[in-house]
Amino acid sequence: MDYAAAAAARQLELVGIAPDGETGGAVMLLAPREPGFWPAFTAAPEYADGRPDPMDRWSKRVIGALAADWGGEAVFPSDGPPYPPFIAWALATGRVWTSPVGLLVHDRLGLWLSFRGAVRLAQPLTAPPAANPCESCPDQPCRNACPVSALSPNGYDTAACHDFLDRPEGADCMARGCGARRACPVGQAWGRSDDQSRFHMKAFHPR
């Protein structure tokens, strides 16, 4: 089965395959596929029905259908507690690493990596590893992109980030998304539209 093509048909990107330590099978990690994801989501009934958490509900419907087609089990970052180990799974794919600013970085999506869900399969699957893009990024512009240095290898200063977003200077990040994520050269082709960035930033920092 061509799992990547099946995911792409639903505007999702198969960003990695991790071994499932619990079952001996595989975990297929799924992210938004840009630039088609946002138009697909905004055309869906979940976006317009006025109920809470529209993107999570869209993800559960669409990835749930994929899981049924693949004979697997759909899992989501919001499941829990206990919550599924998405970060550990991602790092085990051979395509995801910890970036110089602490965020996860993907070999193709760069710092725009995010997870809409995953499908656990009973059978083991493997995929070839990729090269860490940060190791060949000479300037690493993400290091200096955050105006308040909220992101670093030592952790994420959420208080500094939220404080900045409350100020007029934070309007650019609120309108266009995290400056550090936007600075990543690898992720330029996978960036979000401004409408999608505003949607996520409003959820992250409601006013």
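List of remarks:
- As for the stretch 91-108, it holds at least one residue that is farther than 28 Å from E169 by Cα and part of a helix (DSSP H, G or I).
- P77 vs. criteria closer than 26 Å to S152 by Cα, surrounded by fewer than 18 Cβ atoms within 10 Å (Cβ to Cβ) and of a type outside the set (S, T, Y): yes
To keep it simple, each residue is scored yes or no on (1) in contact with a His (Cβ under 6 Å, 6 or more places away or on another chain); (2) surrounded by fewer than 20 Cβ atoms within 10 Å (Cβ to Cβ); (3) in contact (Cβ under 8 Å) with a residue 12 or more places away in the chain; (4) of a type in the set (F, W, Y).
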| residue | (1), (2), (3), (4) |
| --- | --- |
| A5 | no, yes, no, no |
| L12 | no, no, yes, no |
| G16 | no, no, yes, no |
| P19 | no, yes, yes, no |
| M28 | no, no, yes, no |
| E46 | no, yes, yes, no |
| P52 | no, yes, no, no |
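- The helices (runs of 4 or more DSSP H) located wholly in the stretch 156-207 that include 2 or more residues which are in contact with a Lys or Arg (Cβ under 8 Å, 6 or more places away or on another chain) and surrounded by fewer than 18 Cβ atoms within 10 Å (Cβ to Cβ) occupy 171-176, 194-204.
- Test: A88 is surrounded by fewer than 16 Cβ atoms within 10 Å (Cβ to Cβ), touching an Asp or Glu at 6+ places or on another chain (Cβ under 7 Å) and within 22 Å of R181 (Cα to Cα): no
- Within the set C173, C134, C146, the sole residue that is modelled with pLDDT of 95 or more, touching a strand residue (DSSP E or B) at 6+ places or on another chain (Cβ under 8 Å) and either closer than 24 Å to F37 by Cβ or not aromatic (F, W, Y) (or both) turns out to be C134.
The values are calculated or read from the model by the stated rules, or taken from the named source; none is laboratory data. Quick caveat: nothing in here was measured; it's all calculated off a predicted structure. Counting neighbours? That spans all protein chains shown, and the Cβs are built from the backbone with ideal geometry, glycine included.
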